[in-house]
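Each remark here refers to the structure printed beneath this line.
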């Protein structure tokens, strides 16, 4: 069997959005928390099939099927794991490290040729930069931007030709045909003939995660337009699914990445020793890029330009990243227009301090509102409060709401009670289900019908209730580190009733203890096929609890009570049965079950 690294599998999964994949088989509609449709794995009239874009998982609450995009394709196309990886790699245009592939031999050869041609073009551009005359203007520009020769070499910077056919002639001399050159996007064609796409530009090679050169960006040195020009879409290059600098940054990531707007920002930060800076490829952040970033880091610092366009791009990026598992922070560039200028004016230490004092996404939105309105004017103050309440109504945590309400109240002098009332009104208006966050719910675990497995015999219903509570408890432990700590204090992995739940607990506990957030996709991909279905239900929790810690305590109480019920039913000795009944009665009385 072919072996693929975890990194490669992650790259392939990140490049295949589960909503896009499932949508080609199932008609999906947006719903609270994701998408819904009729399950493709069993007959149903009422949709019970859910797809989560943020978690990149699917689960059917009717038949129980679930998993990652890999499991979905395996099931739908009747493929094994290796065949599925090849199928998804082919769909995303990702070359696998082996000759045998799902792509045709012809396409495989074309991709290999383009990679080689791009590498040859990068050598050509770099040699021109080193040339005493041809590279002088760009070397002077790089010196003006305070970029060293070592940095230029690290990122493979170069200079494109000054005439229309220099690269064309160079590639022709290397044996490449005109058809191959056009396929790479390095050469263009019009009614007058063929010519170089890039001329008189500082060149930036663009690498994929395995350091293949997939395309180029080129920057003019004068006022010509466009200022930046990228390679077109090719068989190896897609702007919306690749990230500049990630091939380097991934080797330095601990738990965060810095997202900037331009190539020069990335390069300047790396030169200053900040090796986790990356950028999109001349376009706004896409959903796929947001998912890729979230797979590599728990926190994304958005460090876009401080102008109006940068603020708009920041708000859009916040929206996309918040739909992933990553946390968003926003940098405040006081006294500089972008990261490159900031690092030159104030240095690395100042930049790191600025990162530490970054705003949360919510605080950034509130700060923008504060600048938008004159809070000394009553009407504008009211408008500010109404917009701020809309933002806070989207939050899932009561603690967060409480904290930000305090900030907004301090800004505008409106009482907290009035702000809470406005937030509740928006919650009720926007999402009926979310209103439960503001009212105590005594039955804290999932109220949907629990379906017993009759193979469990006389304990079928009780066992089903036990499993339901354990799944909900594991979901909470995977969601928040404080809840994991509360669960671990009372239950070890071996205390769970089913082997698959024990494995899930082991994985969740180990992940948090290693300082990383549990990754459902990573866990599900490690399981045998017969365990994926049940395990996916752990991570695909759609119930919202009023209080997480209260939910943990209630679920633990439920688990202990159900275990006692099963023990009572299975005990044959009358005296021991009586003791267990008394124990349960006392337990229920003390816990008010």
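Numbers below:
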read-out: Residues satisfying the stated conditions in the stretch 16-33, i.e. surrounded by 21 or more Cβ atoms within 10 Å (Cβ to Cβ) and closer than 18 Å to residue 325 by Cα; value: 16, 18
read-out: Total residues in the stretch 124-156, condition part of a loop (DSSP other than H, G, I, E, B), touching a helix residue (DSSP H, G or I) at 6+ places or on another chain (Cβ under 9 Å) and either within 13 Å of residue 200 (Cα to Cα) or without any contact (Cβ under 8 Å) to a residue 12 or more places away in the chain (or both); value: 2
read-out: Single unsatisfied condition, residue 461 versus (1) crowded, with 16+ Cβ neighbours inside 10 Å; (2) modelled with pLDDT under 50; (3) assigned by TED's automatic domain parsing to the domain that holds residue 531; (4) touching a helix residue (DSSP H, G or I) at 6+ places or on another chain (Cβ under 6 Å); value: (4)
read-out: Residue within the stretch 83-95 that is in a helix (DSSP H, G or I) and within 20 Å of residue 205 (Cα to Cα) present; value: no
read-out: Residue list for the stretch 375-395, restricted to those being surrounded by 11 or more Cβ atoms within 10 Å (Cβ to Cβ) and not in a helix (DSSP H, G or I); value: 375, 377, 393, 394, 395
read-out: Out of 260, 278, sole residue that is free of Cβ contacts under 8 Å to residues at least 40 places away in the same chain, in contact with a strand residue (DSSP E or B) (Cβ under 9 Å, 6 or more places away or on another chain) and farther than 22 Å from residue 5 by Cα; value: 278
read-out: Leading residue by the ranking (farthest from the chain's Cα centre (by Cα)) among those in the stretch 162-196 that are part of a loop (DSSP other than H, G, I, E, B) and crowded, with 19+ Cβ neighbours inside 10 Å; value: 176
read-out: Selection within the stretch 501-515 - under 19 Å from residue 540 (Cα atoms) and under 26 Å from the mean Cα position of the chain (by Cα); value: 501, 503, 504, 505, 506, 507, 508, 509, 511, 512
read-out: Subset tally (residues that are in a helix (DSSP H, G or I) and under 12 Å from the mean Cα position of the chain (by Cα)) for the stretch 284-331; value: 16
read-out: Enumerated helices (runs of 4 or more DSSP H) restricted to the stretch 502-593, each holding at least 3 residues that are modelled with pLDDT of 85 or more, closer than 18 Å to residue 471 by Cβ and in contact with a helix residue (DSSP H, G or I) (Cβ under 8 Å, 6 or more places away or on another chain); value: 520-525, 529-539, 548-570
read-out: Residue 267, sole failed condition from (1) in contact with a strand residue (DSSP E or B) (Cβ under 7 Å, 6 or more places away or on another chain); (2) buried (at least 19 other Cβ atoms within 10 Å of the Cβ); value: (1)
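The values are calculated or read from the model by the stated rules, or taken from the named source; none is laboratory data. What you see is a predicted model, and the numbers here were worked out from it, not measured in a lab. Cβ: placed from backbone, ideal geometry, glycine included. Neighbour counts: every protein chain shown.
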